[in-house]
Structure formats: structure tokens, C-alpha cells
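Inspection log for the structure reproduced underneath, given as C-alpha cells.
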Amino acid sequence: MSLKDLISPFYVWQRAFEKPYTQKRPIEDRPGAPRYRGFHMNSEDCIGCGTCESICQNRAIDMVPVEGLEQRPGDSGLRPRFDYGRCCWCALCVDICTTRSLHLSNHYAWVTEDPDAFHFTAGTDPMPWNENSLGYRRDDDYHLLVHDRIEMEMLGPDESVRGFDEVMKGYTEEQAVLEADRCVECGICVATCPAHMSVPDYIRSVRKRDYETGLRLLYETNPFSSTCGRICTHRCETVCVMGYQGDPIAIRFLKRAIVDRVPAERYREILGDDVSDNGRTVGVIGAGPGGMSAAYYLRRLGYGVTVYEAQARAGGMLRYGVPSYRLPDDQLDKDIDYIRSLGVEVRFNTLVGRDVTFQSLLDTHDAVFLAVGLNQPSALRINGEEHPRVLSGLKVLDDVANGLDPGIGRKVAVIGGGNVAMDAARVSRRMGAEVTVLYRRRIEDMPADPDEIHESQAEGCTLVAQAIPVEIKPAASEAQVTIVWGEAEMVADDKGGRPRPVLQEDRMHEETYDCVIAAIGQGGQIDFIPSDYREQIEFKWNKFVPGDYQQTGLAKLFVGGDIANSRADAISAIEDGHHAARGIHRFLGGSADA
Amino acid sequence: MFEPTPQVDLSSGKYLKLWQGPQHPGITGNMALELTTMGDEIVDCKTHVGYLHRGFEKLMERRTFIQNFPIVCRIAVPEPTFNEYLYAAVVEELTGIESPERAEWIRTLNLELMRLASYLMWLGGIGAAFGQGTVYQWTVTHRDYILDLFEEMTGARVYHMYIVPGGVRGRLPEGFEERCNDVLNRVEKLLFDVEKVLFNNFVFKKRTKGLGVIAPEMVDQYGITGPNQRAAGFVRDLRRDAPYLVYDQLEFDVITATESDAYARSWVRYQEMHQGIRMLRQCLERTPREGPFQARMPNVLHWEVPAGETYVKAECTRGEYGYYMVTDGSEYVRRVHVRGPSYTHAIALMEKLAVGTNIADTAGLMVSLHTYPPEIER
Amino acid sequence: MSTATDLLERFGTNYRISEVNEQKADLTFFKVPKDQAVRLLRELRDDAGYTHLAFLTNIDYIERGIFTLNYMLHNYDTRHTLGMHVDLDRDNAEMESIHNMWAQAATYQRELREMYGIRFPGSPRLDDDFCLEGWDQIPPMRKEFDTAAFSLARFYSRDGRGTEDPREHMKQQLYPTHTDDAPEGGN
């Protein structure tokens, strides 16, 4: 032992003169670090998607209804409830939160005598830390979800405008799997889909590359999957939780990804064709999406189904209103042919009221489903609109679908802002015309699908918003027509409605075109129903108001589609048809399990 | 080699059966030493574990890959970060995900900070085991300063859950470098004091020199790694021999000794703390301030890892820490095995070294092997 | 020459080596039949420099009825690691003990006995409890042991727990009749 070893420890006595490490009094409040993972907080941005519950490895989270909170499309009305007997404060729930409503506060000490107080609904239960502004938040550059949509290859505008080839090329298998992988499978979208399709389940089947299961899932609620995979209004995507921080899942195109991978000849094998006959028959008026959907589900239940269709081909507005660059004929045929292959009879060129009477349908069938759609173009209600160079959008689309020349000329004005207007404009571009679209409100008010609006602009259509047509006048040449329109200012509505366009009479314009295509809406035509029956049925704004299960006051008559709902899109018509099939089955004594 | 237990006749009255633990028999966590003594000399030692068994390897088989991330840190209480890093690394290797450079630097910073904190706790332990309770108070106080740094960096003091497959969970906080440097300076000053008080202390020297000598030929026979191995003269350190993260860009020395007793092992660790501070200063200076700190990840909610198997290891404070993972292409892992150095240090090696020592030295001997029961039981 | 081909060349004639997988530059897995395993381990340790047994563990392939032992060996000179797989019959799992080759092997074998039920005849204290005291169920690491069912049966659940599925909840609240399993009497 050296002397050094003996005295060395005494060296540290000098520390006695330094500031001690210990603090003089007990620490009363020592706040957690700014990113401390303390107790949970939830903001009002929460929509109850339950993704926090899915990722919680401790099963510490329950999704529970909260009093006073109503569920609505896009919000389940549930909120996460935390069991602090299980939570480990890993904050994966914060990382995965789709709306970024969930946070942890830096509050970490809380004493109470009630053990059940440690089981609470964050954000809605009054907790002492609810106003904390510090605590763990997900870093902006750190993600556990994929926020960007997989882009789909499409024809460029230069190419697309030259013909009627399909613009959207569809996902490759790899793209579809990657896009499907983004889905958190919360199921919030199902309530918003008019047909309540099993969206998370069929997206999972894309991810698993199991297209047979996918097809079966699609047909549970929608026999127009090839069609809807292309032109659906995809209301589901407007509530998709992935849309809060990035792009919503391309739900519509993932539906298409399934049907694109199953050839038509395999449908019967996959979906099963064991259709029995229960001896009863149902008449369906109109072979559009509503009528054919009802026909499909009724046939599956064993009913003999006869569809009466005025046109020469089935599909209704899908055939005659949607141009083939959005929905190729063979894809529509794929859906319709399968329905017909189950034994659904379609009588073409048979207009009810002209070729058969409504009464005879009531007499021959046990029930009738009516889905005649809206095929009467609405009038512009301005002077001079009876000019022969004022064409209806529907007529133009109908002619093109039938291979006829609509005779639009080289310079065209389209009036309207809905999908028919966009279709008429883009069809006109394809026929070589210079196209101006006049719409009375702002572009963001247009009812047309945003994709349609963008693509029509990309293809060279000129969109003029806040333009109100005032008068149609003959032009110098008979082959032309002059339209007078005025600029509009948007004025806030006193009653709280959406802003109203008000004509500015000092800013009027006059322009001459080869034709004016009016596409401001359509109405229905139900004169074929005898008036004493009509008195038993409820109508509003010339549309049917059906009761439960699409039934009318005339018990044997069920209605659906554009003429019976306010949404007027294919997917709503499909659900009406399905729902009416359930209703007819109940009405005729079957169970509701249709 | 396995040596059969000597047969002792307890009824002879010459022997005493003594249980040390399962309360922390040193500062090493709950385990028990079943000692057979003659006088105060130990003639047989059996290690009993199981007091901390939580079945992590089984739990991981029924959780998804992201759900396992928050539980792995709990496998070794004082060193959660090594588990986080190795779990992330093994998943990244099987999925082909590469964590970005900035994350690799931050991870290295984390691991070395963790090593320093863990060594501080150990330093207190070795002091306390030989009657130097003051050293324990000093070092644990300084460990707390490091935990403060972890708190502001990761959001938690002990279970950081910060190194996630794909990168790290967040950037370094504003002004972190300054505060970290300040703590490093304080720790350095403390180490200076500890050297005076502990390593120069003749009581400490007298009790630890010659205690628990590991003969060089035992090293591979017993699977001994880390400072225990380096104190026996082996120049082996995974940070140098199989560099991971950014260790190939850092300057540091591999510390070795030859005496291979409790004092030599302690001295190696003490020197490694200085090396750790040296590396940390390099990390603070060189960690990129810009750029991504997380790789592009798939949706982790249904993350399927391709079928495969691999073994990833790192030099933790106690030696070779490793994760062996077998996957089958599903959303769940087929098998995870966690290799902790204490598995052999605290059982086979301890049972061998304890024989012939006395009761008063067993705690110190065990601390000199730096054992943690949680990584034995997992 | 890669270590994998080197290995095959050197031991391939005397041992039935299969399923060689060069996972990375310093890690190779391979399989060898049970009856040759310990002999090969000894040769790898004594003649090929694989002196370090990092660990010994087991993988349960319940659907194939086998256990696969994995002996992880390391060569400090070449810094190469070998994972040697040995398949065992899952219903009658028994393996030759290597407690005489590495001191820590006995502990691994004791653990495998407890957690999977694999027997290693001759291995010291093999049947002593390792982690589990008073365990009366099947060896818990076997795939058929269901931890969730075990804890539900063994422990009390907290009162007041219960969760709703957002999709199902919205269906009940917003469109109860628009489903094929609609409640009766909705009309």
C-alpha cells in the first residue's frame, strides 16, 4: 500500500466548498420536459376512427360512445377511453392518430383516491391536464402511415382529347397493393357509401392479392363493380381518414383493381350460380343501375325477373349519359352480362305506357320496381331557348353513345356545372370543337366531380364561372346561335344558405357559337302511371318519396334511382335497387335476409 | 466446462445454506444466490432466476412488428436503448429498410449516453458493494442528469421508446448539444473524484484485487464477452470488430487489462466511461442537423415482414447483446431470441467464481461481473 | 471464396449439410441432421475456430411438427458467425447434450426443457425450475400455449371495459335497415 493510496480519498474534501448537487427544499412542481409522454389529451378533431385502439399493444383503449356527441357520416361518435391500468405510455396511439387529435400532455403526476378515475375518455372527461400545451406530439417528419396516394397512370390531355380511349389506365397489381396497404381499415367510410360496401374488407383482399374474395365482397352490395370502379362519385373518399393528413385512399380505383383482375368468364364460378326459382315474379321498369341492381338481388333470392327497357341496350344513364372514355362499353357489359346470365330477362325497346301498360305489369307480377331515372333535360328558362342550335347535353351524349353525329359544329358553349355538362364539354372537345363552359356560380361550387373539372380544363375546355345566361338570339348564320350572358357577383344569403349569384347588368357579354349545349339538370317522366294510382303515391318536386324499403303508397310498387332520391348517382341507385329487393322479399313474405 | 457440484453433507454441521436474494443481492436486480458455506467461505453457489420473468419472447410472437417496439425496452431495465436499437436493426435487416444517416448518428448518441448512464449506476454499485455508499450517491445523481437529457430527447426517463424501426422518433431538441456537453463535463469531473476515492482507495484495492479471476481459457468456454472478456486481455469489441451505426467513423480505444480480477474489470469499465464521453462529444459535434431521421415506412398497422432469419448484435455495457429473429412472411414474428451477456455471466460463470470466495465479497463479485437478471429471463 | 462454400467444401463430404443460407457477409445458416450435429459442433469448435457459443435456442414449427434448434457459433478470428439448425420431432423432442463443451450450455438446455419440453439427457439440473416456479401448464413457449387465454382464465378483468367497432356502431346508429342482417319489423 502506497502513501498515495492512503491520502488520495481525502482529496475530495475540497468539494465541501462547492455548490452541492442537492436542492435545498423539496421540489413542489417539476414540469415534464416539453415532449414528455404524460397523460392523454384528445382534441375535437377526433372522428372516432379507432386506429389508436388498433395499434395499442396493451389493449388499453376502448372506443366508447360519448353522451351528447352524435355520430354523423365521417365521425363514428365514439371516442377513445384509456385504461391506465394497462397503458404503457408508448404513445403509438399518438403516432398513428389519423387526425392528429390525440396527444400526450407533459403532466405526469396525478393523485386521486378513486381508482376508476384512471379509466377515462380523453378530451371529453374533465381532466386537470386538458389545457396543457406541452407534451408529446408526433414530429412532422416522422410517419407510421403512408400519406401520399399511389398515382394512377392516365392518358395525357393531348392524347385523351383525340379519341374515346379510356383515360384512367387502372392500377398495376403492385400499385394497387401499395395503395391498398395505406388503408387503416377503420371502416368510417362504410356509412358514407350509399351502398355501404365492405370497403375495408375488399381493400384488404387487394392487399392480400385475393381477388376472388374481393369480388365476392363487392357483389354482396354492388353488382356494378366494374362500372363503379371507374365512375363512382366516391363519397367514401370524402370521409376517408387518410384524407386528414394526406390523400384519401383511392377506394374507387381499388374496386376497379379487383374486377380488372377477374375475367368475366370466371364470375359465375367465383360468385356461384346456384339460383333457384321460388315461383314468384317481379317486374322492373328501367334497365339502369337501379333496375339491374334490384334484378340481380331479386334473382339471387329466386324471383323470376323481367326488366322493361325503352332503349335498345341496358345500362341507362351509364350507357347513354357517361362517355366511353370514362366508362368503356365492354366494362359496363361485363357487369350487365353477368346479371343477365343468372336468368334475368330484359325486354328491350319496350317503353312502359307505349308498348305495355303499367296496369299490365301490376297484374302479371307479384311486385314492381320502378327506376326510370331522369331523362328529360331541364329548360334554361330564358328567352329564345327553342332555337334549333340549342341542344341538350343528354341528347349530345346519347347520340355519341349511339354512334350518331350530334352536329355540334366547331365552337360550342356548354351551360351548366354538373357531370353531364363536363361530359358534354369533353365529348365536344373530342369531336374537335372549341369549348366554353358557362356556370352561374364559382368553380368550387360546381356539382361535377373535381377530377372531371380538372381533366376538362386540362383537355382545353375554357371554364367561365359566375356567368348567367340571359337570352338566346338568332345569329347572322342559321347554323349559329348567339348567347347573351352577364357576369355574376356572389352575395351572401341572409337565411344562411349558400351564396347566391346576382346578375350584374352593367357587365353583359354577347358571343356567337355553332351551338349551345344546355346541361343544367334533368327531370323525370312518369305520365305512364295512371292518375288514380298516382294519388296514392307521395311526390315532392316531381320525384317519388318512397317509404321504408323503397315501398310506395301503392303497396306493390317499389321505386328507386335518380327519380326517387336526391343524390342522383349510380351508387345510390344501386343501393335503392338492393334495398328494394330486400323490401320486396319482406313484402312477399320472405325474411329480411336478402 | 461444466463441473459437477461437490456433494456436501449438510447434516454434518460443518456447512451452512445461505440465500442471498432474491431481493437485489447487489444492485443488480432480483435474483438469488443459493450459497453453501463453510465458515464464511463459499463451497458451492447456485444461481436462481425467474423473479423477473415476463415472457417477452412469447409476448412478441403475438404482437405486430410495430407493437413490439414499445415492449422490447423493458427487457433490460437499466439499458432499454440497446434493446430498442437491436430490435429496430433486426427488423430493418429483414425488411431491407435503411435508417437514414441522421438517425444513425442520433442512435449512436443514444446508445453511448445509455452506456454512460448504465456505467454510472454500476459504478455506484461496485462502490456500495465494498462499503463506499457515498460513491453510489454521487454516481446515481449524475445518472439522473443523463436521464434528464433522455427525458427531453425521447419523452421518457427510463423507457425511452425512441429508436423505432426505420429511424428515430424525433429530432434532437433545441439546445440539446449544450446541455449534453454540460452534463458530460460534470460526469468527467465526477470520474476524477471517483478515481481518487475508489480506485486509489487501498480498501477497495485490497478487496477487489485477486477477486474472481477469470482465466483466459475460460473466456470462450463460458461464452464471456464485454469488459469481463477485455479485462482478461482479449482485444474484442463489436464496435470495432463488426462496426454498426456510425462507430466506424468515431475515434475510440478498446480498453483492456490483463489481471482479469474484479479490480481490473472495474478499471476497464471506468476507462470505458472516459471513452464513452469522448465518443459522445464526437457525436454531438457531428450529428447532422438536417435531413430525414426516418426511412419511408409501409403502413405499420399491417406490416408483413418477409420470411427470413438473422442475428444482429451490439456491444452493450456488459458484452454481446443480440437479437435473433425468425420471420415467416406474416404480420407476426415466428421467433425472437434475446441474447443477453448476463445469461452466462450470472449463472455459469458466477457459480464457478463464487466458490472459494467469502460471503462478504459475493455482492461485489457479482457487481464486478455487471449482471442484470432481466436479460437472463426475458 | 465465401464462407458458405468454404464450409460446404470442408464439411460437406462428412456431414449432410443442407439449406445453406448466407444471410450476410458474416452470418451463415445451415442445417445438419440430428445424429451428426454434436460431432460437427465439436469439429467446428476445435478445428475451425468457432469457439464462442453465442446462444442456443429453438424455433417451433408447429404446422410441420418440428422443433428447430439453432446453435449460434462465432469465430473471433474470422469474425464470422454460423447458425446451425437441427430439426427435432416436436412430439418426442430429445437432443444430445453439449454441457461438456460449453459451460453455459447447461443453462440453455435447462431453459429449453422448461419452455419447450425438449429433453437433453445427462444435462445437469435439467429438470430444476429455471424461470417458472410451480408451473402446471404445458411448456409455455410452445406455439399451442395461448397466453391470452391463460391470463383471461387466471386473472380478473377490470370492470367497465368494453369497446365498440366504429363501423358496426355507425351501422346500428345510421342505417340499421340497410343491411342484409336488418332487424325484423323495420317496416
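The values are calculated or read from the model by the stated rules, or taken from the named source; none is laboratory data. From a predicted model like this one, the values you see are computed outputs, not experimental measurements. Cβ placement follows ideal geometry from the backbone for every residue including glycine, while neighbour counts extend to all protein chains displayed. Just so you know, the surface numbers come from the protein's heavy atoms only, side chains and all, with ligands and any DNA or RNA stripped out. Shrake-Rupley method; radii C 1.70, N 1.55, O 1.52, S 1.80 Å.
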Run the numbers on region B:135-180: which residues show a drop of 50 Å² or more in accessible area, chain on its own versus all protein chains together, using a 1.4 Å probe over heavy atoms? B:151, B:155, B:169, B:171
Answer rounded, prolate or oblate for chain B, using the Cα gyration tensor with square roots of eigenvalues a ≥ b ≥ c: rounded when a/c is under 1.5, else prolate when a/b is larger than b/c, else oblate. oblate
What is the ratio of the Cα radius of gyration of region A:377-522 to 2.2 N^0.38 Å, where N is its residue count, to two decimals? 1.01
Can you show me the helix-derived [θ] at 222 nm for chain B, built from DSSP H runs with n ≥ 4 at -39,500 (n - 2.57) apiece and divided by the number of residues, rounded to the nearest 500. -13500 deg cm²/dmol
Out of residues 5 or more away from residue A:414 or on other chains, whose amide H comes under 5 Å of its own, with H placed 1.01 Å from N in the peptide plane? A:436, A:437, A:438, A:517
So which residues in region A:157-201 end up with at least 40 square angstrom less accessible surface once the other protein chains are there, compared with the chain by itself, probe 1.4 angstrom? A:181, A:191, A:196
Total accessible surface hidden between A and C, rounded to 100 Å², 1.4 Å probe: 2700 Å²
Ordering A:397, A:134 from largest to smallest accessible area (1.4 angstrom probe), what's the sequence? A:134, A:397
Chain B: relative contact order from alpha carbon pairs under 8 Å, six or more residues apart, as a whole percent, is 26 percent
Within 10 Å of the Cβ of an average residue in B:294-304, the count of other chain Cβ atoms is 6
How many partner chain Cβ atoms sit within 10 Å of a residue's Cβ in peptide C:130-140, on average, as a whole number? 3
To make sure I understand the rule: partners must be lysines, Cα under 25 Å from the Cα of residue B:17, and not fewer than 8 residues away in the same chain. Which ones qualify? B:46, B:352
Quote the FRET efficiency, to the nearest 0.05, computed for residue C:137 versus residue C:168 with a Förster distance R0 of 45 Å and r equal to the Cβ-Cβ distance. 0.85
Could you tell me the distance between the Cα centroids of region B:204-228 and region A:98-140, to the nearest Å? 50 Å
Over the Cα atoms of region A:210-267, what is the Rg over Rh ratio if Rh follows Kirkwood? 1.02
Answer rounded, prolate or oblate for chain A, using the Cα gyration tensor with square roots of eigenvalues a ≥ b ≥ c: rounded when a/c is under 1.5, else prolate when a/b is larger than b/c, else oblate. prolate
Name the lysines eligible as straight-distance cross-link partners of residue B:58: C-alpha to C-alpha under 22 Å, and not fewer than 8 places from it in the same chain. B:313, C:143
Of every hundred units of 1.4 Å-probe accessible area on region B:170-303, the number belonging to carbon and sulfur atoms, as a percent, is 48 percent
Protein accessible surface hidden between A and B, which excludes ligands and nucleic acids, total in Å², probe 1.4 Å: 3900 Å²
Quick calc: nm separation of the 7 Å Cα→Cβ label points for residue A:500 and residue A:347 -> 4.8 nm
Quick one: grab Rg to one decimal and Dmax as a whole number for region B:223-286, Cα atoms only, in Å. 12.3, 37
P(r) of region A:166-257 in 5 Å steps, Cα pairs, percent per bin? 3, 15, 28, 28, 20, 5, 1
Please calculate how many Å² of accessible area chain C carries per residue, with a 1.4 Å probe and no DNA, RNA or ligand atoms counted. 47 Å²
Sort region B:206-363 into rounded, prolate or oblate with this rule: let a ≥ b ≥ c be the square roots of the eigenvalues of the Cα gyration tensor; rounded if a/c is under 1.5, and if a/c is not under 1.5, prolate when a/b is larger than b/c, oblate otherwise. oblate
What are the residues of region B:191-205 that lose 40 Å² or more of accessible area, with a 1.4 Å probe, going from their chain alone to all protein chains? B:193, B:196, B:200, B:202
How large are Rg and Dmax for chain C when only the alpha carbon atoms are used, in Å? 24.8, 85
Fraction of alpha-carbon pairs in region A:40-121 farther than 21 Å apart, rounded to whole percent, equals 26 percent
Nearest 100 Å² is fine: what is the total accessible surface buried where chains C and B meet, probe 1.4 Å? 3900 Å²
Show me the ranking of peptides A:360-370, A:539-549, B:108-118 by mean Cβ neighbours inside 10 Å, starting with the highest. B:108-118, A:360-370, A:539-549
As a test of reading the structure, rank C:120, B:234, B:192 by solvent-accessible area (1.4 Å probe, protein chains only), most first. B:192, B:234, C:120
Kindly point out which whole DSSP H helices in chain A project their C-alpha atoms 20 angstrom or further along the helix axis while averaging a Kyte-Doolittle hydropathy of -0.5 or above. A:570-587
On average, how much accessible surface per residue is there in chain A, in Å², for a 1.4 Å probe, leaving out ligands, DNA and RNA? 43 Å²
For region A:415-498, which whole percent of the accessible surface, found with a 1.4 angstrom probe, sits on carbon and sulfur atoms? 47 percent
Could you give the accessible area per residue of region B:56-340, probe 1.4 Å, as a whole number in Å²? 28 Å²
The answer for residue A:102, listing residues at least 5 apart or on another chain whose modeled amide H is closer than 5 Å to its amide H, is A:43
Qualifying lysines (Cα of each under 29 Å from Cα of residue A:556; at least 8 residues distant if same chain): A:540, A:543, C:171
If R₀ is 56 angstrom, what is the calculated FRET efficiency for the pair residue B:249 and residue B:203, using the beta carbon separation as r and rounding to 0.05? 0.85
Below 8 Å between Cα atoms, with a sequence gap of 6+, how large is the relative contact order for region A:356-444 in percent? 21 percent
Would you mind giving the mean number of other chain beta-carbons within 10 Å of the Cβ of each residue in B:214-225, as a whole number? 4
As a test of the formula, what do you get for chain A when each DSSP H run with n ≥ 4 contributes -39,500 (n - 2.57) and the sum is divided by the residue count, at 222 nm and rounded to the nearest 500 deg cm²/dmol? -7500 deg cm²/dmol
Give me a comma-separated list of calculated 3J(HN,Hα) values for region A:500-505, in order, Karplus coefficients 6.51, -1.76, 1.60 applied at θ = phi - 60°, integers in Hz, x for any Gly or Pro. 9, x, 10, 5, 9, 5
Rounded to the nearest 10 Å², the accessible area of residue A:358 at probe 1.4 Å: 0 Å²
Shape parameters for region A:494-594, alpha-carbon atoms, Rg then Dmax in Å: 20.1, 66
Could you order peptides A:411-423, A:505-517, B:144-156 by the average number of other Cβ atoms within 10 Å of their residues, highest first? A:411-423, B:144-156, A:505-517
Taking one equal scatterer on every alpha-carbon of the protein assembly as shown, how large is log10 of I(q)/I(0) by Debye at q = 0.04, 0.06, 0.10 1/Å? -0.32, -0.65, -1.25
The ³J(HN,Hα) series, computed from each phi in region A:276-285 with the Karplus coefficients 6.51, -1.76 and 1.60 at θ = phi - 60°, rounded to the nearest Hz and given as x for glycine or proline, is 9, 10, 9, x, 10, 10, 10, x, 10, 9
Counting Lys and Arg as +1 and Asp and Glu as -1 over every other residue whose Cβ sits under 12 Å from the Cβ of residue C:32, the net charge comes to 0
Accessible surface of region A:157-269, 1.4 Å probe, proportion on carbon and sulfur as whole %: 47 percent
